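Student: There's a structure below that I have some questions on.
The values are calculated or read from the model by the stated rules, or taken from the named source; none is laboratory data. What you are looking at is a predicted structure, and each value in this text was computed from that prediction instead of being measured. Note that each Cβ is placed from the backbone with ideal geometry, even for glycine, and that neighbours are counted across all protein chains shown. When the accessible area is computed, the model is the full protein with side chains, heavy atoms only, and any ligands, DNA or RNA have been set aside. Shrake-Rupley method; radii C 1.70, N 1.55, O 1.52, S 1.80 Å.
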Amino acid sequence: MQQEKAQDPSYLDLLKKDDLHFAKEYAGQTELHIVVSDIEYVDEITLNLGNATARIFHNISPHSEDTTCVHIPEENVLFLGDAASEDFFHGGYMDRAKLNQLIQMISSLDCEYCVLSHCEPMKKRELLVYLDSIK
């Protein structure tokens, strides 16, 4: 579906208008090329990285419908990306029910550290205290 939309030059203009960061990244470009991934998965996939494994999985979050997290159990770390952020596609709305589901997932995982985009890594306990405070 996105491939078809990408063929329309007005779609790229619309994306640039709606997202300042996208506009900066695609400044001066008149075409949008969407590359299909070599690997696709449904719900989750585990990759063998040699001395570690990466469990990559979809999770409910207030940020977006396609939130993907990465758990590296051997390193006791969970990468959350923007999962704890507001939904910028809907005016910065924070869905408390989705935030609660994210908190439950983090609580249930065996990890010591959590990494959010745009932040220093933090202890799981510290992140849970912070997320609970914004509920």
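Student: State the percentage of accessible surface on the chain attributable to carbon and sulfur atoms; use a 1.4 Å probe and exclude ligands, DNA and RNA.
Tutor: On the way: 4900 of 9300 Å².
C and S atoms contribute 53 percent here.
Student: Can you grab the distance from the C-alpha centre of the range 26-100 to the C-alpha centre of the range 104-135, Å, no decimals?
Tutor: The distance from the Cα centre of the range 26-100 to that of the range 104-135 comes to 15 Å.
Student: If the label point is 7 Å along Cα→Cβ of Asn76, which residues in the range 91-129 have backbone nitrogen under 18 Å from it?
Tutor: Hits in the range 91-129 for Asn76 at 18 Å: 106-116, 121-129.
Student: Find the relative contact order for the range 1-63 and round it to a whole percent, using C-alpha pairs within less than 8 Å whose residues are 6+ positions apart.
Tutor: 23 percent
Student: Here's something else I'd like to know. DSSP loop (so not H, G, I, E, B), at most 12 other Cβ within 10 Å: list which GluC sites (Glu not before Pro) in the range 11-79 pass both filters.
Tutor: On the way: sites: Glu25, Glu31, Glu40, Glu44, Glu65, Glu74, Glu75; in loops: Glu31, Glu40, Glu65.
Answer in residue order: Glu31, Glu40, Glu65.
Student: Now for a different question. Provide the FRET efficiency to the nearest 0.05 for the Leu15-Leu47 pair, computing r from the beta carbons and using R0 = 25 Å.
Tutor: On the way: r = 30 Å, r/R0 = 1.21.
According to the calculation, E is roughly 0.25.
Student: What whole-number value in Å² describes the accessible area per residue of the range 1-125 for a 1.4 Å probe? Present the calculation step by step, with values, prior to reporting the outcome.
Tutor: On the way: 8630 Å² over 125 residues.
Using a 1.4 Å probe on heavy atoms only, each residue of the range 1-125 averages 69 Å².
Student: Given an 8 Å cut-off on Cα distances and at least 6 residues of separation, report the relative contact order of the chain as a percent.
Tutor: 15 percent
Student: R0 = 35 Å: FRET efficiency of Leu128 with Phe89, Cβ-based, nearest 0.05?
Tutor: Values: r = 26 Å, r/R0 = 0.73.
Taking R0 as 35 Å, the efficiency between Leu128 and Phe89 is 0.85.
Student: Considering Cα pairs under 8 angstrom that are at least six residues apart, work out the relative contact order of the range 81-135 and quote it in whole percent.
Tutor: Relative CO of the range 81-135 lands at 35 percent.
Student: While we're looking at this one, here's another question. Let me spell out the model: positive unit charges on the Cβ of Lys and Arg, negative unit charges on the Cβ of Asp and Glu, origin at the Cα centre of the chain. What dipole size does that give, in debye rounded to 20?
Tutor: Once rounded to the nearest 20, the dipole reads 420 debye.
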